[in-house]
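The values are calculated or read from the model by the stated rules, or taken from the named source; none is laboratory data. Treat the numbers as computed from the prediction; the structure is a model and nothing was measured. Here the Cβ positions follow ideal geometry from the backbone for every residue, glycine too, while neighbour counts run over all protein chains shown. When the accessible area is computed, the model is the full protein with side chains, heavy atoms only, and any ligands, DNA or RNA have been set aside. Shrake-Rupley method; radii C 1.70, N 1.55, O 1.52, S 1.80 Å.
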Number of protein chains: 2
Amino acid sequence: LNGLDEFGLIRHLVDRLGATSRPDVRVGVGDDAAVLAQQAGEETLVTTDAMVEGIHFNQTTMRWQDVGYKCIAVSLSDIAAMGGQARHVVLSIAVPKTQPLDTLEALYDGVRDACEAYGCAVVGGDVVSTTGPFVITSTVLGAVPTGSALLRSGAKVGDAVYVTGFVGSSEAGLRFLSGDTGGVPADDALLLERWHRRPEPQLRAGEILREVGASSCNDISDGLASELNEIAKASGVRLRIQTNRIPIAPAVKNYARSRGIDPLEFAWYGGEDYQLVGTASPLAFARALSICESQGIRITQIGRVEPGDGVVADGPTGLDVIYPRGYNHFA
Amino acid sequence: LNGLDEFGLIRHLVDRLGATSRPDVRVGVGDDAAVLAQQAGEETLVTTDAMVEGIHFNQTTMRWQDVGYKCIAVSLSDIAAMGGQARHVVLSIAVPKTQPLDTLEALYDGVRDACEAYGCAVVGGDVVSTTGPFVITSTVLGAVPTGSALLRSGAKVGDAVYVTGFVGSSEAGLRFLSGDTGGVPADDALLLERWHRRPEPQLRAGEILREVGASSCNDISDGLASELNEIAKASGVRLRIQTNRIPIAPAVKNYARSRGIDPLEFAWYGGEDYQLVGTASPLAFARALSICESQGIRITQIGRVEPGDGVVADGPTGLDVIYPRGYNHFA
């Protein structure tokens, strides 16, 4: 750490984030707690996520600036899934004493990138040492008009099931970055890397879905199968998916097929796409589709809500029950 | 972990916290983010702290329920130092795969104890695995009337310097718990253990100090020397302390002296007392003293604010300059 002590290190890293321009930050980094102004008519959203070196990422698959970016992006995605705006971030890192300073500088550059891209600001944090692997914990505060947060529990029979963007992309990217790179065109390689390292939290799509009155929403951290099952369970309904409608990027289809893998495997079970999935009445979905299209945001109807429970998929082999199968930390 | 997977573990631990009775929690644990109602005329406070096994605690000095309690208490202390009320907590833990389930149950019992004692509620979190030591990260949200947060930067020449409770207690307790136990009376032993394991965040004192218009406040995480220097620097003043006024508990004095240690060493440099230290005009201090006394809260004037910089102490050997010397993670 180039001889920096704890306080010098914090100053050095905070300086790297640049000045905060948000007028609602009355007191930012540097006092006992941050002081944040509220807007009338809003509720506060809060979510937290931790990433551990060797579990969530390693030096083969992620550069340090990606780790900083992605930890923020993962929390921002939770704010997006509530239909909220992202506002403020606090960041805690546990750092091995042998960690090179330039890796932390890169980490904070990635944090700054994510904050700038999505309009939020770091207002506090903690830096401690550890004898184990590097751990980063981000907590993001957001806001949503009172009473309008998108929950998992509102899906209704007859609703459309939607998903934003493409799914399965991050898992394909992870496999590529882990070394299975043979025969992949250069353009596809860049996409695969970016999808895994720099997922784009769908804050704008979340706001649109809230504005049109979508009935439920979830972000895809654990794979489409897992997230759809959460909505079905929370809402007490069955979700029926048309597998041929699931949006998978051409680069992912090509990559999967060149390896003898069904691209749907990545889509159902891959996770870390940080797209949004949920339900909306046919009318609300039509409005969301129209607004999204005008703003260049991909949103696709992939099924509908039926009475019953669980998730089923109409595929080439008939109707399959889709069970959750995401990453499990203690399997 | 008794065969519990990640989702089963989260459910099990959240159940252990019991139901949340706060009406401002519109959505708590279980969706993508918590949804929290705001009160008009308030600003939001946010602070985060991490504790790492082997760095911040070990199995000799702390039981697991103390770890849970203390991590929350440390963040609550930051809210107290702003003069705020504590409201909501999000909690992230990184858990070795070999961690016994009963240690996590005890941890969450301690979290529940702290939340119940200080009127806040856990509204979200994250549970991940790690190949290294256990890490707990707590983020606490609080609230303060708009524009009234106590900062470090408001000390003015002529103000009184105050401290709540006793200082040096946690450091003495740490030494005792680390094995230096000889000749300590049983009553003192209990106090020493409690002071280290279960510090009491001074939320009520912080509110009183805000209400009387104290000019600055800081909580004592790094020792009186370090905290006073922070206030002096942030405010552009010198703090002059009468060492014989520094409040040290009889059990700590006895413990230190029986080991040939000056009790002031614990007070200046010990840290982790989580008392409040700061400044107030003589009139504001007199009012705070009167209200605190009526509520059984100890608050002591230990010096005054002068022109200049840094911290000086009038002691038996004359006027000494007091430099910061807290725990440094990367020394």
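How many Å² of accessible area per residue for the stretch A:201-331, probe 1.4 Å?
On the way: 5400 Å² over 131 residues.
Counting only protein heavy atoms, the per-residue value for the stretch A:201-331 is 41 Å².
What's the center-to-center distance, using Cα atoms, between the stretch B:262-282 and the stretch A:262-331 in Å?
Going from one Cα centre to the other spans 56 Å.
Taking a point 7 angstrom from the Cα of B:D5 along the C-beta vector, which residues in the stretch A:155-181 have backbone N less than 18 Å away?
Label zone hits: none.
Run the simple label-point estimate for B:E105 and A:D314 please: 7 Å along Cα→C-beta, distance reported in nm.
4.9 nm
Put a label point 7 Å from Cα along the Cβ direction on B:G158, then list its distances to the equivalent points in the other copies in nm, shortest first.
7.3
Could you order B:S226, A:S21 by accessible surface area, starting with the largest, using a probe radius of 1.4 Å?
Heavy-atom accessible area, descending, gives A:S21, B:S226.
Find how many whole Å separate the alpha carbon centroid of the stretch B:2-35 from the alpha carbon centroid of the stretch B:201-215.
32 Å
Using 15 Å as the cut-off for backbone N distance, which residues of the stretch B:222-257 belong to the label zone defined by a point 7 Å from the Cα of B:D187 along Cα→Cβ?
Residues B:249-255 qualify, since their backbone N sits under 15 Å from the label point.
Membrane-span-like helices in chain A: DSSP H runs reaching 24 Å or more (Cα, own axis), mean Kyte hydropathy at least 0.5?
Passing helices, by number: A:64-81.
Taking only Cα atoms and a 10 Å spring cutoff, compute GNM fluctuations for chain B and point out the largest among B:A106, B:A155, B:A117.
B:A117
So which residue of A has the beta-carbon closest to the axis that swings A onto B, and how many whole Å away?
In chain A, the Cβ lying nearest the symmetry axis toward B is A:G132, 1.
Let me know the mean shielding of A:132-145 by other chains, meaning the per-residue number of their Cβ atoms within 10 Å of its Cβ.
Working: counts 12, 6, 2, 10, 1, 14, 5, 12, 2, 7, 2, 3, 3, 0.
Shielding by partners across A:132-145 averages 6.
First compute the accessible area of the stretch A:65-123 with a 1.4 Å probe, then give the percent of it belonging to carbon and sulfur atoms.
46 percent
Could you work out the mean count of beta carbons from other protein chains within 10 Å of each residue's beta carbon in A:18-29?
1
Label position 7 Å from Cα toward Cβ: report the copy-to-copy distances for B:A186 in nm, one decimal, ordered from shortest.
8.0
If the elastic network links every pair of Cα atoms under 10 Å, which of B:I79, B:I299, B:I55 fluctuates the most in the Gaussian network model of chain B?
It is B:I55.
Counting each DSSP H run of 4 or more residues in chain B as -39500 (n - 2.57), what helix-only mean residue ellipticity at 222 nm follows after dividing by all residues, to the nearest 500 deg cm²/dmol?
-11500 deg cm²/dmol
Which residues of the stretch A:51-76 bury at least 40 Å² of accessible area once all protein chains are present, versus their chain alone (1.4 Å probe)?
So the qualifying set is A:I55.
Ignoring everything but the protein chains, give the 1.4 Å probe accessible area of B:R238 in square angstrom, nearest 10.
70 Å²
Amide H to amide H under 5 Å from B:I299: which residues, 5+ apart in sequence or cross-chain, H placed 1.01 Å off N in plane?
So B:I299 has HN proximity to B:G165.
Would you mind classifying chain B by shape? Square roots of the alpha carbon gyration tensor eigenvalues, ordered a ≥ b ≥ c; an a/c under 1.5 is rounded, otherwise it is prolate if a/b is larger than b/c and oblate if not.
Since a/c reaches 1.5 but b/c is at least a/b, the shape of chain B is classed as oblate.
Between A:I261 and the same site in the other copies, what are the distances in nm, shortest first, taking label points 7 Å from Cα along the C-beta direction?
5.6
GNM on chain B, C-alpha springs below 10 Å: top fluctuator among B:V111, B:V135, B:V89?
Result: B:V135 has the largest fluctuation of those listed.
Starting from the Cα of A:Q59, step 7 Å along the direction of its Cβ; do the same at B:Y323; then give the gap between the two resulting points in nm.
That separation, rounded to one decimal, is 3.5 nm.
Straight-line reach only, C-alpha to C-alpha below 19 angstrom: list the lysines that A:K156 could link to, leaving out same-chain residues fewer than 8 apart.
Output for A:K156: A:K233.
Summarise the accessible area of the stretch A:208-331 (1.4 Å probe, protein heavy atoms) by the percent that is carbon and sulfur.
Percent of accessible area from carbon and sulfur atoms in the stretch A:208-331: 48.
Total Å² of accessible surface buried at the A-B contact, 1.4 Å probe, nearest 100? If you can, show how the numbers build up before the last one.
Values: alone 14900 and 14880 Å², together 24560 Å².
Buried area between the two chains comes out at roughly 5200 Å².
Considering only C-alpha atoms, what is the centroid distance from the stretch A:60-134 to the stretch A:150-172, in Å?
What the calculation gives is 26 Å, centre to centre.
Top to bottom by accessible area (1.4 Å), largest first, where do B:V123, A:V27 land?
These residues rank, largest area first, as A:V27, B:V123.
Name the lysines eligible as straight-distance cross-link partners of A:K70: C-alpha to C-alpha under 25 Å, and not fewer than 8 places from it in the same chain.
Answer for A:K70, where 25 Å is the Cα cut-off: A:K97, A:K253, B:K97, listed by chain and number.
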